[in-house]
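For reference, the structure is listed below as structure tokens.
The values are calculated or read from the model by the stated rules, or taken from the named source; none is laboratory data. Because the structure is predicted, anything quoted here is derived from the model rather than measured. We place every Cβ from the backbone using ideal geometry, glycine too, and count neighbours over all the protein chains shown. For accessibility, only protein heavy atoms count, side chains too; no ligands or nucleic acids. Shrake-Rupley method; radii C 1.70, N 1.55, O 1.52, S 1.80 Å.
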Amino acid sequence: MEFKGSPRLLIVSDLDHTMVEHGDHDNKSLLRFGALWQSEFNHDSLLVYSTGRSPKMFADLRREVPLLTAGIAILSCGTEIFYGDTMTKDHGWIDIISKGWNRAAVEEVAEEMNLKYQCDSEQRPHKVSFHVRKEESVHTMPTLLAKLLEKGLDIKLIYSGGLDLDVLPRAAGKGQALRYLLQKLKAEGRVPQQTLVCGDSGNDQELFSVDNVCGVIVANAKDELLQWHADQVGDKSHIFVATENCAAGIIEAMKHFGLEPNVSPRDRTVPLSVHDKLVPKADAGAAAREVVEYLLLTEQWLRGDISASEEVFRRLKFGLAKDSSRVCAWGTIDSPHKEIENLQAQYGSQRGKVFHMWADRVRSMKLSDDSWLVRFDKWERSDAGLTCVLTSAVLQSNVEFPNGLCWKLIHETWLKGYEGSAPVRK
Ligand code: GLC
Ligand code: MG
């Protein structure tokens, strides 16, 4: 969900090996970052992904890992920009990078040099991509560059991960795409208060040279980016080299640069009572925090990660107003209290299994002095697969609850059929 105001924080992050840690099958740090972003930033900040992936491979990744929906997606190594949930393409950007670009001429040289193309999906209108081994790159890159320049082409070569070689228009790339975006935001009067760029490999390098940004190179970064960083002279204080990998390194950088809040709800105990937390007055942030904490507590209860205490159960049960109701996708209205009672018996039922719950696209709207409309996607991944429930809820101010809010009405729509415990329709 693209935030329409002036972002308090703009995070521009690469995906593979930066936001997403491929070896981590639990997606621990990605979920930590996701919970932090949804509970504290989604309502007034902007998340941008900047990846070498094509739209197809970006969509593949979104199915594989619990990636939040970003406000803006810069794909194909800064040659394609998409906005919002609808992924509306920026044609103005295409016009800019098309000037002087000649794809056919690049292909001609590639054929001449017998270069090895990447798969078809990664060949894009303004990006020609190859695989070149590190040992060969020392020779191949200068030769290719010389040949392309000889033809009068206005291009640049980008080498990433010790294997991927991209040929792009010189006006494109992750850095140029971000400059374009920042200019656009400025023209709309939406200059971000702070910008953090995050990367791990060669194609991210340009991000760190954009004006007025701070940046994090995650601990697991590739040689080519670390070497570039080592070669920089002068003040490098705007670049932080993390000691933690991927999304954990991003959270670490938020702490380093004082970008607050920077403690994920997954890294602390969820407040169980109003005494655990001081809530002056419920605001848009409080509604988001309540959603994230409530789902997290449910996950922890089912996984048996927290104690099966009366106190925890009370938090789940009494977070719901006494007269609250739930409208289910199959056309019934019931009391969510019933579901919570079922939950009580299911304590620890997911222990040792693949099981996570997370919230995406959390956004809230003040309806009156004491009520909020909050909408979010509730995701659940288990052995049985992936489910998503589009949820709208009305939360009511009540100082006796941890975030100063209790749940009054919940309306659920399952994104894909009726799964899990839903009744079979006659
Ligand atoms: C992604 C893309 C690939 C590109 C690489 C580096 O892996 O799929 O085409 O070469 O990023 O930019
Ligand atoms: Mg990467």
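Give the residue that is farthest from ligand 2 (Cβ to nearest atom), with candidates limited to residues of the range 163-198 that are under 14 Å from Arg53 (Cα atoms) and under 21 Å from the mean Cα position of the chain (by Cα).
It comes out as Gly173.
Do the conditions hold for Gly34, that is, is it away from ligand 1 (no atom under 16 Å from the Cβ), outside the structural domain of Leu259 (by TED's automatic domain parsing) and touching a residue at least 60 places away in the same chain (Cβ under 8 Å)?
Details: away from ligand 1 (no atom under 16 Å from the Cβ): yes; outside the structural domain of Leu259 (by TED's automatic domain parsing): no; touching a residue at least 60 places away in the same chain (Cβ under 8 Å): yes.
So Gly34 fails the test.
What number goes with the only condition from (1) closer than 14 Å to Thr18 by Cα; (2) of a type in the set (Lys, Arg); (3) modelled with pLDDT under 95 that Arg53 does not pass?
(3)
Which of the residues that make up the range 199-228 are within 16 Å of ligand 2 (Cβ to nearest atom) and open to solvent by 20 Å² or more (accessible area, probe 1.4 Å)? Explain how you work it out, then say what you get.
Let us first name the residues in the range 199-228 that are within 16 Å of ligand 2 (Cβ to nearest atom), namely 199-208, 215-228.
Passing the criteria: Gln205, Glu206, Ala219, Asn220, Lys222, Asp223, Glu224, Leu226, Gln227, Trp228.
Condition (residue is at positive phi, among the charged types (D, E, K, R) and modelled with pLDDT of 95 or more) applied to the range 372-385: is it met by at least one residue?
Initial filter on the range 372-385 (at positive phi): 385.
Next cut, among the charged types (D, E, K, R) only: none.
No, the conditions are met nowhere in the range 372-385.
Thr18 fails exactly one of the following numbered conditions: (1) open to solvent by less than 10 Å² (accessible area, probe 1.4 Å); (2) more than 16 Å from ligand 2 (Cβ to nearest atom); (3) touching an Asp or Glu at 6+ places or on another chain (Cβ under 8 Å). What is the number of that condition?
(2)
Cβ contacts < 7 Å: first residue polar (S, T, N, Q) and modelled with pLDDT of 95 or more, restricted to the range 8-25; second residue open to solvent by less than 10 Å² (accessible area, probe 1.4 Å) and within 14 Å of ligand 1 (Cβ to nearest atom), any location; separation 6+ or different chain. Result?
Ser13/Met19; Ser13/Tyr49; Ser13/Ser50; Thr18/Gly199; Thr18/Asp200
So which residues in the range 64-116 are within 24 Å of Phe41 (Cβ to Cβ) and touching a Leu at 6+ places or on another chain (Cβ under 8 Å)? Explain how you work it out, then say what you get.
Looking only at the range 64-116, we keep the residues that are within 24 Å of Phe41 (Cβ to Cβ), and these are 64-75, 78, 81-88, 90.
Correct list: Val65, Pro66, Leu67, Leu68, Ala70, Gly71, Ile72, Ile74, Gly78, Ile81, Phe82.
Counting just the residues of the range 165-184 that are open to solvent by less than 10 Å² (accessible area, probe 1.4 Å) and in a helix (DSSP H, G or I), which one comes out nearest to Asp44 (Cα to Cα)?
Checked the range 165-184; the qualifying residue nearest to Asp44 (Cα to Cα) is Leu181.
Among the residues of the range 231-266, write down those that are in contact (Cβ under 8 Å) with a residue 40 or more places away in the chain, open to solvent by less than 60 Å² (accessible area, probe 1.4 Å) and either part of a helix (DSSP H, G or I) or among the aliphatic types (A, V, I, L, M) (or both).
The answer is Cys246, Ala247, Ala248, Gly249, Ile250, Ile251, Ala253, Met254, Leu259, Pro265, Arg266.
Please enumerate the residues belonging to the range 304-356 that are of a type in the set (A, V, I, L, M) and surrounded by 11 or more Cβ atoms within 10 Å (Cβ to Cβ).
From the range 304-356, those of a type in the set (A, V, I, L, M) are 306, 308, 312, 316, 320-321, 327, 329, 333, 340, 343, 345, 354; that's our starting set.
Within the range 304-356, Ile306, Ala308, Val312, Leu316, Leu320, Ala321, Val327, Ala329, Ile340, Leu343, Val354 qualify.
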